[in-house]
Amino acid sequence: MAEVKTRQFKSASAKAIRDPQIQRALGAPFAHFTEGRADIIAADFGDESWEAMRDQAAAIKSHTIERLDYYLDLAEKMVRRNGGHVHFADDADHANRIVVEIAKRNNVKTVIKSKSMVSEEMGINDRLESEGMEPVETDLGEYIIQLAKETPFHIIAPAVHKSKEQVSALFEKWIKSTPTDDIEKLCGIARDVLREKFAEADMGISGANFVVAETGTVVLVTNEGNGRMTTSAPRVHVAIAGMEKLLPALEDVALFLRLLPRSATGQRITSYNTFVSGPRAGSDEDGPEEFHLIFVDNGRMRLLKDEVMREALQCIRCGACLNHCPVYRKVGGHAYGWVYSGPIGAVITPVMTDAKEAKDLPYASTLCGACRDVCPVKIDLPRLLLHLRHRSVEGGESERSSTWAERLLMRRWHNAMKTRQALEGSSRLGRLLQRPISRKGYIKKLPAPIVSGWTKSRDFPALADRPFRVRWREDLDQQAGG
Amino acid sequence: MPTPIEDPNKEAFLERVRTALGRANPILHTPDHPSLKATTLRQEEKVRTIQAKVIARRAQVVSRLSETATEASWSVHRASGPEQAAAIVADIAEHARAKNVIRSAEDIFKRVDIDASLRRKGVSPSVLAAGRSRRRSDLKRMAFGADLGITGVSYAIAETASCVVTPRKGVARMASLAPPVLVLLIDEEQVLETLDDFFAITRLQYQQNRGRSPNYYNFISGPSRTADIEQTLTIGVHGPGEVHMVLIAN
């Protein structure tokens, strides 16, 4: 499985915040995502119909997850009827073993891959390399981070943190290309290298955006054409799907094809949608002779078991929650320490990996709710984050159980809020006490050892010089007088 | 083709799913989901309604396709009939300075004689299909060497400017994928209005030909594109960067 570095959330965040290139990348370029999404929804549907579509999608996904055993069974039967093989993998290692076994039996040397997040969980590239094969990522962003030996920075834009100069340097180092800061030329360089790989590859590995149970059809949503290459050029095609990727019926696909690209990139539809239900027919001119579909658990069963967390399995990996998250937009994708980042990463990583190691992730949110508002399948991410915080405190996984100083302060707060006199008295006292430590409305450091943890990674808002209730009264007086 | 065997881990896996869901037994009846439950009879009725709608609204549907396609960076060409369509294809090839032109082998080329119109421009297209003089293993190299590809479509969908291309005997996957310039020939009768129309029709085909439906098809909805470097849009990565729709009236 891909290395888990969730414990380093705080230090990795601090590092990302100091990195000017990462901060640049997280700024203006993301307007393409957020504005593009808002514009296309407004142009094509309007808020009301969009809301109805989200409701419908959430209902279909939740229906499917509640009957997952039925739909997995149906999909398996249909794929086999179409002549494909279906495998069920319990964890990353199991899934890797299945892929390696298929590759060895087919005497595979070069493997081309189109984008797949579950294959990132598996760390399949390292595994194939250790078996002497050459795995090549063919999505441009994935290709760049494969050369950089990094994990995806973003679910759908894995190399969004790299500048064109950094990409050029990577290409120069690994494929000996001439340096350039022309993005079109950089794409051309990658295209030429990857064309060779498409021509020679024996096996293609793809993900699956959806798996239609009633027909046994894997649906791929892509823009570059590498997904079509991966499913057309090699002799063997292996599709890897998280076990939650099912949709009951073919006609359900229309709704999800309307929701996914608009939420992800602000497109009406992506350039390509590929529908694969099995190997090629004998009379076909080209295409893989062998087709495999692997359903992967790898921690999803734990999400399923928890009646609250189960909702996270509705996710269609569009990345909209990342794009709209004020925390992701400062710390970026790598801080989250595994494969998934942003609000959905903070929700599923602690359950799919080790909750203790990932204890900081559920706190990487202001609970502003932007993620919930943009989620195309209406996952209530803030509620799930709160549920994880609750579980972490109850289960003693958190070091965040309160200190004596916090408890004392909370008792004071409780008393201060009881009567108006108590509140006014305490806030007068508070303003007096904060005078030496507050600057421009913020307290950068609360006195140790009392509650200094509160200001370790953020500033604490100071009490206003003139409380709201005073300003309110004065404004009223003024209005009455004027 | 023999049916592949069942994974020995399947039952245990599904059992774990059931346990996680807190259910003791498998679900034996088709769940109550409308799009899953429709019988062949009901689906036929639905498809008849769709066909009637598309025929009644043909002109609007075709002009909607032409609008969405233009927005999605297609070059849209309207032809009054097969002769004009063949001439348009030849002009596109000339404009693209194409030398190695490949096409599929399908019925539409019996009416739209692009071989003749291209020959008049000094180009003779090759058919990307296995035959007496060509082995299947050569098709990939041949497709990668081509600079223009021409195929027909199964349907076009106005809502999203999507052309549905279904590979089969005579229609190689690579013909519409490998060349940098792509031309798709569309009869106006093939144009559907919405994604729902397409999936309803395709589902009926599955219901009618259990196990004999095509295992592979693609929507092509514009040029190959990426924004993976600095969110800057670049056209023509692995697939065609220049895409043409020739809409043929009859």
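The C-alpha atoms of chain A define a longest principal axis, and helix A:92-105 lies at about 20 degrees to it.
Of the residues A:E285, A:E224, the one with the fewest other Cβ atoms within 10 Å heads the list, and the complete ranking is A:E285, A:E224.
Under the convention that each Lys and Arg Cβ holds +1 and each Asp and Glu Cβ holds -1, the size of the dipole of chain A around its Cα centre is about 2860 debye. Each part reduced to its alpha carbon centroid, the stretch B:1-39 and the stretch B:162-239 end up 31 Å apart. Rounded, prolate or oblate: which fits the stretch A:45-192 when a ≥ b ≥ c are the square roots of the eigenvalues of the alpha-carbon gyration tensor, with rounded for a/c under 1.5 and prolate only if a/b beats b/c? Taking the square roots of the gyration eigenvalues as a ≥ b ≥ c, the stretch A:45-192 is oblate.
For the stretch A:404-481, what class follows from the C-alpha gyration tensor (a ≥ b ≥ c being the square roots of its eigenvalues): rounded when a/c is under 1.5, otherwise prolate if a/b is larger than b/c, else oblate? Here the stretch A:404-481 falls in the oblate category. Work out the mean other chain Cβ neighbour count within 10 Å for the residues of B:196-206 and drop it here as an integer. Mean shielding count: 4. For the cross-link pairs A:K113/B:K10; A:K162/A:K197; A:K149/A:K356; A:K113/B:K37, the ones whose C-alpha atoms lie over 28 Å apart are A:K113/B:K37. Counting neighbouring beta carbons within 10 Å and listing from fewest to most, the residues B:H238, A:H414, A:H334 come out as A:H414, A:H334, B:H238. Taking the helices alone, chain A has a mean residue ellipticity at 222 nm of -14500 deg cm²/dmol, built from -39,500 (n - 2.57) per DSSP H run of at least 4 residues and averaged over all its residues. List, in the order given, every pair from A:K5/B:K140; A:K245/A:K330; A:K104/A:K305; A:K330/A:K418 whose Cα-Cα distance in the structure shown is over 32 Å. Distance filter (> 32 Å) returns A:K5/B:K140; A:K104/A:K305; A:K330/A:K418. Relative to the longest principal axis of the Cα atoms of chain A, the long axis of helix A:420-434 makes an angle of roughly 80 degrees.
In terms of other Cβ atoms within 10 Å, B:Y155, A:Y340 run from fewest to most in the order B:Y155, A:Y340.
How far is helix A:404-416 tilted, in degrees, relative to the longest principal axis of the Cα atoms in chain A, given as a value from 0 to 90 rounded to the nearest 10? For helix A:404-416, the angle is close to 60 degrees.
If a/c stays under 1.5 just call it rounded; otherwise compare a/b with b/c (prolate if a/b is bigger, oblate if not). Do that for chain A, with a ≥ b ≥ c from the square roots of the Cα gyration tensor eigenvalues. Note, shape of chain A comes out prolate.
All of the numbers you see were taken from the coordinates with simple rules; none came from a lab. This one's a predicted model, so the numbers in the text were calculated from it and none came from an experiment. Quick reminder, even Gly has a Cβ in these numbers, built from the backbone with ideal geometry, and neighbours come from all protein chains shown.
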